[in-house]
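Inspection log for the structure reproduced underneath, given as structure tokens.
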Amino acid sequence: FVTAFNSKNTILALDFDGVIVDSIKECLVSGYNAYANFNDKTNIERFDQLDSDWANQARRMRNYIRNGEDYVFIAHALANGSAIKGQDDFDAFLAQNDKLRDTFFDHMVNQRISFSDAKPDIWAALNPLYKGMKTFLHNYADKENLYIITTKKLLFVHKILAANDIHLIEKNIFDTAGGKSKRQIIEEILHARQLSPNLFYFIDDQIDTLLKVKPSKVQVLLAEWGYNNEQQVSKTSANDIDILALQDFFQKFM
């Protein structure tokens, strides 16, 4: 487990959604709207405009997603009454509907761009930072050793950080839009910085992502406060990956 963390000679890399930002309301609203656009239906602006049962089911399925367009697949699954009880069910549903991926990707990106441009304050308010995270990022002592590695497009990461007046080193913020996995990005940073993997900590809220990164030998930790469920937390423990509560995170890395 993390002991005597020193930000001067050790890198801390964080996922964005589910680690820094509680983006669930924006993601579900944008996913709903992207699917509405796909079907020529009316958009919404507020989370409370979503049917509560729809929102509860969509929130449960959030634990299974890996990419932004998966939120549109959630809406598609709910519209078609598909029974999604776990990760395997969701992955099977994605495979069955794979021909829609590029279309859903475009609808999700275009919806987020138009929403965040037209109503920036409303959009940003749907993406609150987890309690204490703004202060943590503001006060982090060695920002040259602080990274963000996310599947979220950089455009939206920068908009959310700017809305919260958070200024990080831009070249230390990476997304996977170029086709590189999080593991590839991490290994490139290790090579560029000539750093031993044991001096690199990566925190994500998805166990599948951590398992893919683990062979790089960096220190991987699960953000328990993010989008995961009891089954996924158990899988984390079974794979000898430590689990962090939010207060533990602040105590270890402040």
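The values are calculated or read from the model by the stated rules, or taken from the named source; none is laboratory data. Being a predicted model, the structure only gives us computed values, none of them experimental. Backbone-built Cβ (ideal geometry, glycine too); neighbour counts: all protein chains shown. Just so you know, the surface numbers come from the protein's heavy atoms only, side chains and all, with ligands and any DNA or RNA stripped out. Shrake-Rupley method; radii C 1.70, N 1.55, O 1.52, S 1.80 Å.
Using a 1.4 angstrom probe, figure out how much accessible area the chain has per residue, in square angstrom, rounded to the nearest whole. Please list the in-between numbers first.
Details: 12100 Å² over 254 residues.
Heavy-atom accessible area per residue stands at 48 Å².
Which percent of the accessible heavy-atom area of region 139-195 goes to carbon and sulfur, probe 1.4 angstrom?
50
From the helices alone, meaning DSSP H stretches of at least four residues, give me the mean residue ellipticity at 222 nm for the chain, per-run term -39500 (n - 2.57), in deg cm²/dmol to the nearest 500. The partial results should precede the final answer.
Working: 12 runs with 123 residues, N = 254.
Here the helix-only value at 222 nm equals -14500 deg cm²/dmol.
For region 131-233, build the charge dipole from Cβ charges (+1 Lys, Arg; -1 Asp, Glu) around the Cα centre, then report which of Phe136, Val218, Ala177 sits farthest towards its positive end.
Ala177
Under a Cβ-only charge scheme (Lys and Arg +1, Asp and Glu -1), can you give me the dipole magnitude of the chain about the Cα centre, in debye to the nearest 20?
Here the size comes out at about 460 debye.
Binned at 10 Å from 0, what are the whole-percent values of the Cα-Cα distance distribution for the chain, short to long?
Going from the shortest bin to the longest, the percentages are 7, 31, 37, 21, 5, 0.
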